[in-house]
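Visitor: The structure is given below, and queries will be raised subsequently.
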Amino acid sequence: MKRRIFAPLAAVGALLTVAAPAGADTPNDGWEPAPSPSWSYPAGVRCDFAVQGSPVVDEVVRRTLATYEDGTKLFEYKGELVVRVVNSETGASYDADASGRAVVEVRPDRSQSWYVVGPILAGFGEGGGNVPRGLYTVDGAYTLEVSATGYKTLNLIHGSTDSLCDRVS
């Protein structure tokens, strides 16, 4: 049992400490801005009410770690991100920290594997994952698999989820 817990944690740690390729001499080591768009969902899609979010602090950057012959790409993300989540019906809001660090593998079929340390925002539709419908801050060390159909599987190695729908209801 311990092997199943510690092996993924070791993988997350190893992926997040990937060094820049030898000989990389750019001043920013390949980092470029990765702005987060504003978003909105009608009632019933993520929360029982309409909800929207906009970054209030967005210093996220990304770099490409690898591109493979089959078109798969490996990206690393880091930087401060705070998203204001608003209940569109009442105006209640909450500033959610989503400043985690992640390595994300994006495959040609649009499926993805996320290896994350720290908080991110994750939304789950009804029947769209192994977490109930909702909008969450996920924090800790974890993986998130997104299938080609959009089904999300969250594997918390050590961490927690916080319902943002509850925070702004």
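The values are calculated or read from the model by the stated rules, or taken from the named source; none is laboratory data. All figures in this text were calculated on a predicted structure; none of them were measured in a lab. Because the Cβ atoms are built from the backbone with ideal geometry, glycine has one as well, and the counts that use them run over all protein chains shown. For the accessible areas, the whole protein counts, side chains as well, though only heavy atoms, and no ligand, DNA or RNA atoms are used. Shrake-Rupley method; radii C 1.70, N 1.55, O 1.52, S 1.80 Å.
Visitor: What distance in nm lies between label points placed 7 Å from Cα along the C-beta direction at LYS73 and SER88?
Guide: 3.0 nm
Visitor: Next question, about the same structure. Taking a virtual spin label 7 Å from the Cα of SER36 along the C-beta vector, which residues in segment 114-136 bring their backbone nitrogen under 19 Å of it?
Guide: 114-125, 134-136
Visitor: What is the calculated FRET efficiency for SER54 to SER160, with r their C-beta to C-beta distance and R₀ = 35 Å, to the nearest 0.05? Walk me through the numbers on the way to the answer.
Guide: On the way: r = 24 Å, r/R0 = 0.69.
Between SER54 and SER160 the formula returns 0.90.
Visitor: What do you get for GluC sites (Glu not before Pro) in segment 24-110 restricted to DSSP loop and a cutoff of at most 10 other Cβ within 10 Å of the site's Cβ?
Guide: GLU69
Visitor: Using a cut-off of 10 Å between beta-carbons, work out the net charge of the residues near SER113 (Lys and Arg +1, Asp and Glu -1, SER113 not included).
Guide: Once all neighbours under 10 Å are counted, the net charge is -1.
Visitor: Leaving ligands, DNA and RNA out of it, work out the accessible area of CYS47 with a 1.4 Å probe and give it in Å² to the nearest 10.
Guide: 0 Å²
Visitor: In Å, what is the Rg of the alpha-carbon atoms in segment 48-169, and how long is Dmax?
Guide: Considering segment 48-169 through its Cα atoms, Rg and Dmax are 14.9, 49 Å.
Visitor: Give me the distance in nm between label points sitting 7 Å out from Cα along the Cα-to-Cβ direction at TYR151 and ASN130, one decimal.
Guide: For TYR151 paired with ASN130, the spin-label model returns 1.2 nm.
Visitor: Let me ask something additional. Once a ≥ b ≥ c are taken as the square roots of the eigenvalues of the Cα gyration tensor of segment 94-157, is the result rounded (a/c under 1.5), prolate (a/b larger than b/c) or oblate (a/b not larger than b/c)?
Guide: Oblate, since a/c reaches 1.5 and b/c is not below a/b.
Visitor: Give me the percent relative contact order of segment 40-164, please, defined on Cα pairs under 8 angstrom at least 6 residues apart.
Guide: Here the relative contact order equals 19 percent.
Visitor: Give, as a single signed number, the net charge of other residues whose beta carbon lies under 15 Å from the beta carbon of VAL51, with Lys and Arg counted +1 and Asp and Glu -1.
Guide: -2
Visitor: How charged is the neighbourhood of PHE124? Take every other residue with its Cβ under 15 Å from the Cβ of PHE124, and add Lys/Arg as +1 and Asp/Glu as -1.
Guide: -2
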